[in-house]
Amino acid sequence: MSRLVLIRHGESQWNLENRFTGWVDVPLSPKGVEEAKAAGKKLADFKFDRAFSSVLARANETLRLVLETIGQTTIPIEKDKALNERMYGELQGLNKAETAKKFGDEQVKIWRRSYDVRPPGGESLKDTAERVLPYYESRIKPYVLKGETILIAAHGNSLRALVMQLEQLTREQVLELNIPTGAPLLYELDNSGQVLSHRYL
Ligand SMILES: O=C(O)[C@@H](CO)OP(=O)(O)O
């Protein structure tokens, strides 16, 4: 059996300011730093074989703080832009509440949570899945099949794409799927990579 822990980065400065972030490389907020350390405390009983992260600072920093908290900073780490947040195109930098006022709540929900509608100039969840899932299959799943204990630090939407696949969610179900910041989500998988159980720690 393999254990796979997914963690969305702690609160970022732009989460705090309620701005669309995407590929903009913003830092963690002070609360985000605390969330990452608290996540580490929840993972104190885990002995990770390896970890993966996007190349964005908020995920890298979250991973570093978790590994420092549990004293496991020497494990192999692979960082790849395939795990980056969904690129939010023209929405990047805009305030989410102001954007909802301008375009309507329903339109903004579709841009934020639908499966295959692209925000203007950006990636849909489907586009994001088309880079996250091949990366998972080629770089992460081989270690799942070996029964390793693995940590992935990434983003709301890159993790939604992975969770949709792991849990075989429908497009309707993924519309309601939100992944909170700094909350470790544990999957137990069998030796063929099928999910046996999942829960937030
Ligand atoms: O702004 C973003 O890049 C993401 C994650 O914070 O936002 P959303 O909640 O719309 O997926």
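Only the coordinates and a few stated rules stand behind these numbers; no lab work does. Because the structure is a prediction, the values reported are computed rather than measured. Using ideal geometry, Cβ is built from the backbone for each residue, glycine included, and neighbour counts are taken over all protein chains shown.
Values for this structure:
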read-out: Subset of the range 151-173 that is small (Gly, Ala, Ser) and either farther than 20 Å from Lys79 by Cβ or buried (at least 24 other Cβ atoms within 10 Å of the Cβ) (or both) - its residue that is farthest from the ligand (Cβ to nearest atom); value: Ala153
read-out: Unique residue being among the acidic types (Asp, Glu) and crowded, with 21+ Cβ neighbours inside 10 Å when the list is Glu68, Glu35, Glu61, Glu106; value: Glu35
read-out: Selection count, the range 174-201, where residues are at negative phi, within 16 Å of the ligand (Cβ to nearest atom) and not polar (S, T, N, Q); value: 8
